[in-house]
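Written out below as structure tokens is the structure these notes cover.
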Amino acid sequence: MAATEGNALRTLLLVGVIAVGAAALVSGSYEFSRDRIEANRQARLLQDLQSVLDAAVSEAALNPTRIQASDPERLGYEDPVDVYIVRDEDRPRATVFPAVAPDGYHAPIHLLIGVSADGVVTGVRVVEHRETPGLGDVIEIAKSDWILQFDGRSLRSPEPPLWTLDDDGGRFDSLTGATVTARAVVGGVRSGLEFYEARSAELFARAADETADRTSEGATGTAAEEPVDE
Amino acid sequence: MSRVRVLMLGGLWRNNPALVQLLGLCPLLAVTTTLVNGLTLGLATLVVVATTNTIVSMMRRSLMPVVRIPLFVLIIASIVTCIDLLTHALLFDLHEILGLFIPLIITNCAILAQAETVASRRPVAESLVSGIATGLGFCGVLVVLGAIREVVGQGTLLAGFDLLVGPWAANLRIDLPFDGMLVAVLPPGAFFGLAVVLAVRKLIAARTGAPGRRMRTARVRRS
């Protein structure tokens with residue numbers, strides 16, 4: 001195609017004008033959406049936190065202290081994860097943290113675990129999974145209340161050797177047609193509790209520091225907490 | 001028949017992007033697990049194709065053939081990005097379900113085909129009507145396929161409509177007296193469902209003696 005000099009210039013100009021217009025359009029809607037998306041995320045997060053907490057602590061959960069912790073061994077995440085500690089008049093009331101059950105049937109199962117200050121599970125929810133629809137997906141609260149059987153359990157009830165499925169001689173209900181899924185979730189919750197047992201004292205201390213810093217410095221500076229590696 | 005009617009009939013039936021041109025099947029098959037999912041993606045696609053057609057048509061006289069395809073893609077991608085951001089801000093829960101598929105609208109060849117064969121040659125009003133017709137046709141197929149798969153697959157209809165239009169719509173959900181056959185919701189069910197819809201369309205077209213006439217758009221490479 002024999003494009004003349006003028007044509008080439010016009011082409012460039014057109015491309016430029018459209019690119020600028022497109023950029024303006026996209027950044028405009030980004031500006032408009034950014035705060036709303038962030039607010040939505042926060043609302044969703046609080047909703048998720050409250051779903052695994054006791055009704056009694058939910059009130060205090062509106063302002064949880066977030067700290068980062070890393071424990072690839074027990075939590076299954078390579079990177080540090082957000083741990084939320086609900087404090088009430090300077091005493092830790094509950095902790096919410098994510099954990100991964102790495103041995104799901106198709107892919108790792110992502111869990112959110114809520115634990116009261118004395119190490120008793122207040123709630124577990126599956127936040128992400130790729131288990132077989134119709135069989136393994138009954139671990140979702142929307143599909144069945146199987147996941148509720150962890151409420152009120154701790155590493156003392158039952159003792160760790162019994163933290164397995166009834167099929168394997170343990171204390172937890174299995175799932176018909178999805179034994180692998182059920183086994184993975186039970187294992188994931190157990191190692192989550194082991195994380196809590198081993199690290200809770202340290203986490204609470206850091207949460208207390210964090211809160212103290214926040215009040216003395218007026219909510220600045222301390223957002224980037226150093227992740228603690230084992 | 002008026003020009004508008006011809007264009008509308010073309011997009012909705014004679015030259016339906018999904019059923020006759022078989023374009024944009026990737027998002028079509030992926031999201032139609034429920035009626036509401038299909039409707040949402042269909043509406044988003046409708047907005048994109050109508051807007052792109054209008055913009056492209058407005059600048060059709062200054063379009064250079066060498067750069068037209070990149071420009072089409074740039075325009076389509078910008079509009080889709082805006083819609084993606086806006087649904088994330090305003091329809092958060094629905095975006096959590098469909099988030100992966102909204103950016104995929106960019107790759108919907110039906111939109112590129114409209115820009116190339118209609119909008120870059122016809123006046124603005126005609127391009128806009130053609131875009132709306134194409135969008136409605138595509139949206140219609142998504143809704144029908146979504147409804148079929150939802151009813152057969154999980155025994156409900158209009159589940160999750162409240163995520164789209166507000167809490168009052170939660171009552172519109174219809175629960176049918178059976179649990180549904182799982183296969184309809186799984187990927188193979190999408191193909192079975194589409195096959196049924198295609199077959200029914202062919203049957204009706206054959207009965208009424210007005211075979212779906214393929215226009216030049218059908219030659220655009222399929223997605």
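General observations
- Take each residue in A:13-23, count the other chain C-beta atoms within 10 Å of its C-beta, and the mean is 4.
- Spin-label model, residue B:125 to residue A:66: label points 7 Å out along the Cα-to-beta-carbon direction sit 5.3 nm apart.
- Principal-axis analysis of the Cα atoms of chain A puts helix A:5-51 at an angle of about 20° to the longest axis.
- With both labels modelled 7 Å from their Cα along Cα-to-Cβ, the residue B:172 to residue A:179 distance reads 4.6 nm.
- The GNM of chain B, with springs linking C-alpha atoms under 10 angstrom apart, assigns the highest mean-square fluctuation among B:195, B:184, B:133 to B:195.
- Take every pair of alpha-carbon atoms less than 8 Å apart whose residues are at least six positions apart; their mean separation over the length of chain A yields a relative contact order of 17 percent.
- Counting only other chain Cβ atoms within 10 Å of each residue's Cβ, the peptide A:113-126 averages 0.
- Theoretical FRET efficiency, 1/(1+(r/R0)^6), r = Cβ-Cβ of residue A:43 and residue B:4, R0 41 Å, to 0.05: 0.40
- Whole-Å semi-axes of the ellipsoid equivalent to the protein assembly as shown (Cα gyration tensor, √5λ, descending): 50, 30, 17
- In this rough spin-label picture, where each label sits 7 Å from Cα along the Cβ direction, the residue B:64-residue A:78 distance is 4.5 nm.
- Angle in degrees between helix A:179-217 and the longest Cα principal axis of chain A, rounded to the nearest 10: 70
- The protein assembly as shown: calculated mean residue ellipticity at 222 nm from DSSP helix runs of at least 4, using -39500 (n - 2.57): -16500 deg cm²/dmol
Only the coordinates and a few stated rules stand behind these numbers; no lab work does. Remember, it's a predicted structure, so these values are computed and weren't measured experimentally. Because the Cβ atoms are built from the backbone with ideal geometry, glycine has one as well, and the counts that use them run over all protein chains shown.
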